[in-house]
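The values are calculated or read from the model by the stated rules, or taken from the named source; none is laboratory data. On a predicted model such as this, the values are computed, not experimentally measured, just so you know. Cβ atoms come from the backbone with ideal geometry, glycine included; neighbour counts cover every protein chain shown. SASA here: full protein model, heavy atoms, side chains in, ligands and nucleic acids out. Shrake-Rupley method; radii C 1.70, N 1.55, O 1.52, S 1.80 Å.
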Amino acid sequence: MILFPAIDLKDGQCVRLKLGDMEQATVYNPDPGAQAKAFEDQGFEWLHVVDLNGAFAGETVNGAAVDAILKATKNPVQLGGGIRTLDHMENWLSRGLARVILGTVAVRDPALVVEACRRYPGHIAVGIDAKGGKVAVEGWAEASELGVIELAKQFEGAGVAAIIYTDIDRDGILTGINWASTLELAEAVSIPVIASGGLASLDDIKRMIQPDARKLEGAISGRALYDGRIDPKEALALIKRAREAAQ
């Protein structure tokens, strides 16, 4: 069970969006490398990074900021946003990323995801972002007719390291994770699922460590950490105790 702190990059800065709207961005730190190091110093074990500009552009835009993050932290980093080709994946994995997250391309070209898993085993995650139960693409700007579980099942047995499931309707507004949909997805596939979107307080952490949620790999937290609604020490202590109890 892992709590992934999030760094969302817009114009080289750490921001958080409200409901995925690029016009509703709050800047939390102009120095992404310093933020990555701060999360490591707080005791976090992983880092979740999204190139927001890249998600809309279809290619990496905040590459310099990601490089600064990789240089600043020893923690493994997973990156999403604008990664659409095998060359993109090869480039980032060679630069030290632990995982690349494929979102739009997972809908547009699922065969490419399967091939990526074959080439880079253990390093490919799929990002499934949902609005009203349907998968959204192109930086959440477009809705598809594809259901979340329908898409996830296409990758069973392919070797996907994790599915990052985000409920866009809750993202950045601190209303709590959509546990019902997240756990429904986790039960429907064998791929580990990471919960994202709306994590608001320690109540979400306590929910995440309940027995029925132990199939999850973890959850992502952004605004709640930046706003001080979650104390990192307390949250990580809860998770540590849950891990020990499960052993």
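Observations on the structure shown:
- The stretch 69-93 residues that are part of a loop (DSSP other than H, G, I, E, B), paired with ones that are of a type in the set (D, E) and open to solvent by less than 10 Å² (accessible area, probe 1.4 Å) (beta carbon under 7 Å, 6 or more apart): G81/D51; G82/D51
- Residue within the stretch 15-22 that is small (G, A, S) and at positive phi present: yes
- Under the condition of being surrounded by fewer than 20 Cβ atoms within 10 Å (Cβ to Cβ) and of a type in the set (S, T, N, Q), the residues counted in the stretch 179-204 number 3.
- Subset tally (residues that are of a type outside the set (K, R), open to solvent by 20 Å² or more (accessible area, probe 1.4 Å), assigned to a loop (DSSP other than H, G, I, E, B) and touching a residue at least 24 places away in the same chain (Cβ under 8 Å)) for the stretch 94-121: 5
- Apart from one condition, I191 fits all of (1) closer than 29 Å to T26 by Cα; (2) in contact with a Phe, Trp or Tyr (Cβ under 7 Å, 6 or more places away or on another chain); (3) in a loop (DSSP other than H, G, I, E, B); the exception is (1).
- For first residues located in the stretch 162-183 and at pLDDT 95 or above, partners that are part of a loop (DSSP other than H, G, I, E, B) and lie 6+ apart or on another chain with Cβ distances below 6 Å form the pairs A162/P192; A162/E217; I163/I191.
- Selection within the stretch 195-247 - at positive phi and in a strand (DSSP E or B): G218
- Within the stretch 205-242, considering residues that are out of contact with any helix residue (DSSP H, G or I) (no Cβ under 7 Å at 6 or more places or on another chain), more than 21 Å from C14 (Cβ to Cβ) and free of Cβ contacts under 8 Å to residues at least 60 places away in the same chain, the one most open to solvent (accessible area, probe 1.4 Å): R241
- For the stretch 186-215, a tally of residues being under 16 Å from V148 (Cα atoms) and either in contact with a Lys or Arg (Cβ under 7 Å, 6 or more places away or on another chain) or not hydroxyl-bearing (S, T, Y) (or both) returns 10.
- Identity of the residue in the stretch 23-56, acidic (D, E) and not in a loop (DSSP other than H, G, I, E, B), that ends up surrounded by the fewest Cβ atoms within 10 Å (Cβ to Cβ): E23
- Within the stretch 176-185, the set of residues being closer than 23 Å to E150 by Cβ and either in a loop (DSSP other than H, G, I, E, B) or touching a Cys at 6+ places or on another chain (Cβ under 9 Å) (or both) comprises I177, N178.
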